[in-house]
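**Student:** Before I ask anything, here is the structure I am working with.
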Amino acid sequence: MTKKLKLTELLHGGDYNPDQWLDHPEVIKKDFQLFKEANINTVTVDTFSWATLEPNEGEYHFEWLDDIFDRVEAQNGHVILATPSGARPRWLAEKYPEVLRVNEKGERALFGERQNHCYTSPVYREKVQTINRKLAERYGQRKGLLMWHISNEFGGECHCELCQAAFRDWLKNKYQTLDNLNHAYWSGFWAHKYTNWNQIHSPSSEGDYTFLGLNLDWKRFVTERTVSFFDMEVEPLHEITPKILVTTNFMGGNPAESHVFYDLDYQKFAKHVDVISWDSYPNWANDYESTAELAMKTGLMNDVMRSLKHQNYLIMESTPSQVNWHPFNRSKRPGMHEMGSLQQIAHGADSVMYFQLHQSRGASEMYHGAVITHNMSDQTRAFKDVRQVGNDLKQLKKITGTSRQTAKVGIVFDYDNMWALDDSRNYANKTKKYWRTIQDQYRYFWQQDIPVEILSVDDDLTPYTLIIDPMHFMMSKNFATKLQDYVRQGGHLVGTYITGMVDKDFLAYLGGWPSKLHDTYGIEFTETDTLYPTQHNHIKYRDEVFESKDYCDLFSLDSAKPIATYQDDFYAGDPAVTENKLGTGKAYYLGARTDADFLNAFYSQLSKELDLLNTIAVTKQTSTINVQVREDEINRYYFVINYSHKKAEVLITKDLMDEFTNQPVRPSTQTINGYGVKVYSEMK
Ligand code: GLA
Ligand code: ZN
């Protein structure tokens, strides 16, 4: 059952570590004054305070946390209470070394750093449940308790004997017999047949690391192990506080690095979480891509997170100024903080939260941006920026409970496929770039203000007018059937090069493409030409010639008709892009990778045909402006954001209200300042 977080206001706040300041009560007192000044209504506490809560085994100290609850409640605020498992105290590792992770070479880690415990260790599980239970018993009934925040940024893997045994059990359960497993892994290859379950070992650079089926199963297992640890943490909380929802902070990484978080299948994990929250750290002031390009990638990451449950989500962490872990930790330019913060709200976030509220005085994050910095003043640029966003969120209170406009366009993204494609010894490692391909497919829609949902293979496709399914190298027969049903019933599908090569066991499809794919696209795949970075082909589409690069799929036509053809090489004149009618729908196959010029031409044609263009009351003159819409049954809110330092204009075509000035806006041309944000509203 989906549980929805019922909020009465947008959340503004972040990670707070008062346990670092217990001998400075004046600091804590001042912090709360400054929180009030910046409209901070939420604190996430306890994430890393296990050593303060339980300095020795079984000896608990909660007074300081009681005091924080008192202070928050006195300001009518909320506490998001974290469970402390992300960083264990030293005594615990000293007494029970099994809680420490073992790497793929079989070496057990020393105590150190954080988020590196074994997910299987029964002792760790027991200790975590005990402390979680204590927290739930003590704070479960507090008025200020809003949510549980389980651990911190789950990730990584452990190869200890306990985990190996759990992996073997997981495989036994999946395959039932060794014969089945041997067949799925094609283990006759290099004489790798298993004759005993105990011979199975996790992938390792010291052992098997090119055993594709094993690698993929291990990644699937790591997600399930992590989720089982998460479920174990939640157990006592659900028992004692059944009404309090749980979240855990997912990672978005640095979107400019062009990868979605890689370790865990968040689509699977999301099913166990009540509310999605994530940590968003775009490097807004970088020197290698435009603010608008980065905003497109960040917009996509927000869409990924919202789409995990197709409902509003929380930004659990972001930085008020800069981080300390990007290659260059540049501070935001004036205006960028409000721009980036409200982008998240525009995509369906109900919070702007920070790491961190008060900068730590020492240790590795002492120079990470914070709301309250070492000079503890309300006059810093970061503090003023945060206060501004606090005011904005207060003014936007009435959008709490509204959702991002429903999308007609869905892009399929699949974790198994990402892992398998990257691991496949084929193509070119440098240019596979599944995530970059998703970004490339998303760009046109973002630039045209057309909302997009990111879909898993388990999602229902039927609500969407257009489904884009890029580079779906590993595709199950079931999903191929689902695509075909979707098209037959009137859907429009776009697939691309490198699709439908292997099944879910990582075994090649025998006898060509699965028949469902063949019938859907009306073509028969023959080969993929992998180009070197300096090599190109060209495709001709609607009398224009576009460059193609990296991958050119070759195929023969069956019922499909070509709508673009290759221009060069031995396949000059062959089809490059095709269209196939099936039932009442159509399926397009983009055989070649191209630049944005072709995708813009192709998708603008399709958007006209399918009536996808968003007819909204705000039209922009430049693609650095982006408009996202939130709405409920009564009102519609246009978030108009300028992702450039240059001011730009938008055309308002209806009577709207400016939500920040509270003034009506007549149909007119309006100027949006550099990095500026406007929120206009209308009654529907
Ligand atoms: C992560 C962690 C935080 C902090 C920030 C710094 O998101 O969850 O504890 O280390 O990074 O950016
Ligand atoms: Zn382990």
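The values are calculated or read from the model by the stated rules, or taken from the named source; none is laboratory data. No experiment lies behind these values; they were computed from the predicted model shown. Here the Cβ positions follow ideal geometry from the backbone for every residue, glycine too, while neighbour counts run over all protein chains shown.
**Student:** Do we have any residue at all in segment 580-591 that's over 12 Å from TYR521 (Cα atoms), assigned to a loop (DSSP other than H, G, I, E, B), of a type in the set (Val, Ile, Thr) and touching a Gly at 6+ places or on another chain (Cβ under 9 Å)?
**Tutor:** yes
**Student:** Please tell me if PRO84 is in contact with a helix residue (DSSP H, G or I) (Cβ under 9 Å, 6 or more places away or on another chain) and away from ligand 2 (no atom under 16 Å from the Cβ). Show your work before the answer.
**Tutor:** Details: in contact with a helix residue (DSSP H, G or I) (Cβ under 9 Å, 6 or more places away or on another chain): yes; away from ligand 2 (no atom under 16 Å from the Cβ): yes.
So PRO84 passes the test.
**Student:** Restricting attention to segment 593-602, does a residue exist that is in the same structural domain as PRO463 (by TED's automatic domain parsing), of a type in the set (A, V, I, L, M) and closer than 15 Å to TYR497 by Cα? Outline the logic, then answer.
**Tutor:** Quick first cut of segment 593-602, residues in the same structural domain as PRO463 (by TED's automatic domain parsing) only: 593-602.
From what is left, the residues that are of a type in the set (A, V, I, L, M) are 596, 599, 601.
Now drop any that are not closer than 15 Å to TYR497 by Cα, which leaves 599.
Taking every residue of segment 593-602 in turn, at least one turns out to be in the same structural domain as PRO463 (by TED's automatic domain parsing), of a type in the set (A, V, I, L, M) and closer than 15 Å to TYR497 by Cα.
**Student:** For segment 536-566, what are the residues that are of a type in the set (A, V, I, L, M, F, W, C) and more than 36 Å from the chain's Cα centre (by Cα)? Break it down stepwise before answering.
**Tutor:** At the first step, the residues of segment 536-566 found to be of a type in the set (A, V, I, L, M, F, W, C) are 539, 545-546, 552, 554-555, 557, 560, 563-564.
Across segment 536-566, the qualifying residue is only LEU557.
**Student:** Could you grab me the full set of residues in segment 315-325 that are more than 9 Å from ligand 1 (Cβ to nearest atom) and more than 13 Å from MET353 (Cα to Cα)?
**Tutor:** If the condition is that a residue be more than 9 Å from ligand 1 (Cβ to nearest atom) and more than 13 Å from MET353 (Cα to Cα), then GLN322 is the only one that fits.
**Student:** Does ALA109 fit the bill of being within 16 Å of ligand 1 (Cβ to nearest atom) and touching a strand residue (DSSP E or B) at 6+ places or on another chain (Cβ under 7 Å)? Even if it seems obvious, please write down each step before you answer.
**Tutor:** Values: within 16 Å of ligand 1 (Cβ to nearest atom): no; touching a strand residue (DSSP E or B) at 6+ places or on another chain (Cβ under 7 Å): yes.
The answer is no for ALA109.
**Student:** Has segment 623-644 got at least one residue that is more than 16 Å from GLN343 (Cα to Cα), free of Cβ contacts under 8 Å to residues at least 12 places away in the same chain and surrounded by fewer than 18 Cβ atoms within 10 Å (Cβ to Cβ)?
**Tutor:** Looking for residues that are more than 16 Å from GLN343 (Cα to Cα), free of Cβ contacts under 8 Å to residues at least 12 places away in the same chain and surrounded by fewer than 18 Cβ atoms within 10 Å (Cβ to Cβ), one finds none in segment 623-644, hence no.
**Student:** Okay, moving on. Could you tell me how many of the residues in segment 374-387 are without any contact (Cβ under 8 Å) to a residue 60 or more places away in the chain and over 18 Å from VAL352 (Cβ atoms)? Let's see the steps before the verdict.
**Tutor:** Within segment 374-387, the subset without any contact (Cβ under 8 Å) to a residue 60 or more places away in the chain is 374-375, 377, 379-380, 384.
Now restrict to residues that are over 18 Å from VAL352 (Cβ atoms): 374-375, 377, 379.
Residues flagged as without any contact (Cβ under 8 Å) to a residue 60 or more places away in the chain and over 18 Å from VAL352 (Cβ atoms) within segment 374-387 amount to 4.
**Student:** A follow-up question, please. Select from segment 127-158 the residues that are small (Gly, Ala, Ser), in contact with a Phe, Trp or Tyr (Cβ under 8 Å, 6 or more places away or on another chain) and within 16 Å of ligand 1 (Cβ to nearest atom) and write down the one among them that is nearest to LEU81 (Cα to Cα).
**Tutor:** Applying the filter and picking the extreme gives SER151.
**Student:** For LEU171, work out the one condition from (1) in a loop (DSSP other than H, G, I, E, B); (2) buried (at least 16 other Cβ atoms within 10 Å of the Cβ) it doesn't fulfil.
**Tutor:** (1)
**Student:** Looking at segment 439-449 only, could you name the residues that are buried (at least 21 other Cβ atoms within 10 Å of the Cβ) and either part of a loop (DSSP other than H, G, I, E, B) or among the aliphatic types (A, V, I, L, M) (or both)?
**Tutor:** Passing the criteria: only ASP449.
**Student:** So, in segment 112-126, of the ones that are surrounded by fewer than 15 Cβ atoms within 10 Å (Cβ to Cβ) and among the charged types (D, E, K, R), which residue ends up nearest to ligand 1 (Cβ to nearest atom)?
**Tutor:** ARG114
**Student:** Could you pull out every one of the strands (runs of 3 or more DSSP E) wholly within segment 231-314 that has 3 or more residues that are under 30 Å from ILE625 (Cα atoms) and in contact (Cβ under 8 Å) with a residue 12 or more places away in the chain?
**Tutor:** Details: elements: 245-247, 249-251, 277-279.
Ranges flagged: 249-251, 277-279.
**Student:** I'd like the full set of residues that are within 25 Å of ARG225 (Cα to Cα) and touching a Phe, Trp or Tyr at 6+ places or on another chain (Cβ under 7 Å), limited to segment 47-82.
**Tutor:** Residue satisfying the conditions is LEU81 alone.
**Student:** Tell me the strands (runs of 3 or more DSSP E) entirely within segment 594-684 that contain at least 3 residues that are more than 30 Å from GLN535 (Cβ to Cβ), modelled with pLDDT of 95 or more and not acidic (Asp, Glu). First the steps, then the outcome.
**Tutor:** Working: elements: 618-620, 625-631, 635-642, 648-652, 656-658, 663-665, 668-672, 677-683.
It comes to 625-631, 635-642, 648-652, 663-665, 668-672, 677-683.
**Student:** Does ILE411 fit the bill of being within 27 Å of LEU461 (Cα to Cα), β-branched (Val, Ile, Thr) and part of a helix (DSSP H, G or I)?
**Tutor:** no
**Student:** Tell me, which residue of segment 149-168 that is hydrophobic (A, V, I, L, M, F, W, C) and within 16 Å of ligand 2 (Cβ to nearest atom) is surrounded by the most Cβ atoms within 10 Å (Cβ to Cβ)? I'd like the intermediate steps shown before the answer.
**Tutor:** First, pick out the residues of segment 149-168 that are hydrophobic (A, V, I, L, M, F, W, C): 150, 154, 158, 160, 162-163, 165-167.
Still in the running and within 16 Å of ligand 2 (Cβ to nearest atom): 154, 158, 160, 162-163, 165-167.
Details: PHE154: 22, CYS158: 25, CYS160: 21, LEU162: 18, CYS163: 21, ALA165: 14, ALA166: 18, PHE167: 22.
The qualifying residue surrounded by the most Cβ atoms within 10 Å (Cβ to Cβ) is CYS158.
**Student:** Please identify the pairs in which a residue from segment 17-31 that is under 15 Å from THR373 (Cα atoms) has its Cβ atom under 7 Å from the Cβ atom of a residue that is of a type in the set (S, T, N, Q) and exposed (fewer than 13 other Cβ atoms within 10 Å of the Cβ), counting only partners at least 6 apart or on another chain.
**Tutor:** none
**Student:** Give ASP263, ASP303 a once-over and let me know the one that is within 16 Å of ligand 1 (Cβ to nearest atom), in contact with an Asp or Glu (Cβ under 8 Å, 6 or more places away or on another chain) and charged (D, E, K, R). Steps first, please.
**Tutor:** Numbers: ASP303 fails: within 16 Å of ligand 1 (Cβ to nearest atom).
Criteria check complete, one pass: ASP263.
**Student:** Looking only at segment 206-223, decide whether some residue is in contact (Cβ under 8 Å) with a residue 60 or more places away in the chain, buried (at least 20 other Cβ atoms within 10 Å of the Cβ) and assigned to a loop (DSSP other than H, G, I, E, B).
**Tutor:** Among the residues of segment 206-223, not one is in contact (Cβ under 8 Å) with a residue 60 or more places away in the chain, buried (at least 20 other Cβ atoms within 10 Å of the Cβ) and assigned to a loop (DSSP other than H, G, I, E, B), which makes the answer no.
**Student:** Are there any helices (runs of 4 or more DSSP H) wholly within segment 1-103 with 3 or more residues that are surrounded by fewer than 19 Cβ atoms within 10 Å (Cβ to Cβ), and if so which?
**Tutor:** 25-37, 63-74, 90-95
**Student:** Scan (1) in contact with a Pro (Cβ under 7 Å, 6 or more places away or on another chain); (2) under 30 Å from ASN41 (Cβ atoms) for the single condition TYR209 breaks and write down its number.
**Tutor:** Condition not satisfied by TYR209: (2).
**Student:** Residues in segment 351-369 that are closer than 30 Å to THR406 by Cα and either touching a helix residue (DSSP H, G or I) at 6+ places or on another chain (Cβ under 9 Å) or free of Cβ contacts under 8 Å to residues at least 12 places away in the same chain (or both): how many? I'd like the intermediate steps shown before the answer.
**Tutor:** Kept after step one, since they are closer than 30 Å to THR406 by Cα, are these residues of segment 351-369: 351-354.
If we keep only those that are either touching a helix residue (DSSP H, G or I) at 6+ places or on another chain (Cβ under 9 Å) or free of Cβ contacts under 8 Å to residues at least 12 places away in the same chain (or both) as well, we get 351-352, 354.
Total satisfying the criteria: 3.
**Student:** Moving on. Looking only at segment 328-363, which residues are in a helix (DSSP H, G or I) and within 14 Å of ligand 1 (Cβ to nearest atom)? Quick ask: steps written out before the conclusion?
**Tutor:** Filtering segment 328-363 for residues in a helix (DSSP H, G or I) gives 336-346.
Correct list: empty.
**Student:** Continuing with this model, one more query. Please find, among ASP274, ASP303, ASP263, the residue that is within 16 Å of ligand 2 (Cβ to nearest atom) and either surrounded by fewer than 21 Cβ atoms within 10 Å (Cβ to Cβ) or more than 23 Å from MET366 (Cα to Cα) (or both).
**Tutor:** Numbers: ASP274 fails: within 16 Å of ligand 2 (Cβ to nearest atom); ASP303 fails: within 16 Å of ligand 2 (Cβ to nearest atom).
None of the others qualify; the one that does is ASP263.
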